[in-house]
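A short worksheet on the structure shown next.
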Amino acid sequence: MSRVRVHNFSISLDGFGTGVGLSLEAPFGHAGHRLHEWMIATRSWDAAGTAGVDNAFAERHEHGIGAEIMGAGKFGPPGWQDDSEWRGWWGPNPPFHTPTYVLTHRPRPPLEMDGGTTFHFLDVAPVDALAVAREAADGQDVRIGGGPTMLREFLAAGLVDHLHVVQVPILLGRGVRLWDGLDALEEQYDVEAVSTPSGVTHLTFTR
């Protein structure tokens, strides 16, 4: 059976996966891009970027993925459901290139984009979304794309096989935490930690 994977999910030292005050102008709220500066600096993001350990982790995001599932907050800013013209943050050719399932309480018809990405909007439980995505992935793995609330739901349901979390050395103080309610999650996985010169720590949880 295909695996369920999470890659490059960044959190602060105090466990927040996003800040407060999310908007069209501030997709991560008061966190800005601080959670993702390590990734933006790598060659996987920019051809002029670094090619070290951070890049080695970042580029694993792409391989063997046949479908993605994301939360409503990753697809757009608060209120995007009221804008019938909203087509996501990524322009006409999103970077997913697979069927992509957006979990929302207000579904809409599928949205076909350039480059092989089609957004499907589902109002279902995580286990049911995964069943649909697995069928579409046709034997390849399914990637869970976040944000922190929907990722926490997949973890709580025991649906994630490989989790890559990047702990960034900043304190946000407020926002949405990843780990709340996931007591002793580590007992279900083999856990490894790798620190890099950028100051981040890569934590991998492998079932």
**Request:** Look through the range 114-153, keep the residues that are part of a helix (DSSP H, G or I) and among the acidic types (Asp, Glu), and return whichever of them is surrounded by the fewest Cβ atoms within 10 Å (Cβ to Cβ).
**Result:** Asp114
**Request:** Kindly list, by first and then second residue, each pair from a residue in the range 16-42 that is within 13 Å of Gly173 (Cα to Cα) and open to solvent by 60 Å² or more (accessible area, probe 1.4 Å) to a residue that is in a strand (DSSP E or B) and aromatic (Phe, Trp, Tyr), limited to pairs with Cβ atoms under 9 Å and residues at least 6 apart or on different chains.
**Result:** none
**Asked** Looking at Arg177, is it among the basic types (Lys, Arg) and buried (at least 17 other Cβ atoms within 10 Å of the Cβ)?
**Response** yes
**Message:** Scan the range 33-41 and tell me whether some residue there is outside any helix (DSSP H, G or I) and β-branched (Val, Ile, Thr).
**Reply:** no
**Fill in**
Quick count over the range 73-86, residues being without any contact (Cβ under 8 Å) to a residue 40 or more places away in the chain and surrounded by 16 or more Cβ atoms within 10 Å (Cβ to Cβ), is 4
**Message:** Going by what's in this entry, would Thr50 be described as of a type outside the set (D, E, K, R) and modelled with pLDDT of 95 or more?
**Reply:** no
**Prompt:** Can you tell me which residue in the range 87-105 is farthest from Ala125 (Cα to Cα), limited to those that are buried (at least 19 other Cβ atoms within 10 Å of the Cβ) and among the hydrophobic types (A, V, I, L, M, F, W, C)?
**Reply:** Phe96
**Request:** Answer yes if at least one residue in the range 2-9 is free of Cβ contacts under 8 Å to residues at least 24 places away in the same chain and either over 21 Å from Val176 (Cα atoms) or buried (at least 19 other Cβ atoms within 10 Å of the Cβ) (or both), and no otherwise.
**Result:** no
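The values are calculated or read from the model by the stated rules, or taken from the named source; none is laboratory data. Quick caveat, the model's predicted, so the values are computed rather than measured. Ideal geometry is used to build each Cβ from the backbone, glycine not excepted, and the neighbour counts take in all protein chains shown. The area values use the complete protein model at the heavy-atom level, side chains included, leaving out ligands, DNA and RNA. Shrake-Rupley method; radii C 1.70, N 1.55, O 1.52, S 1.80 Å.
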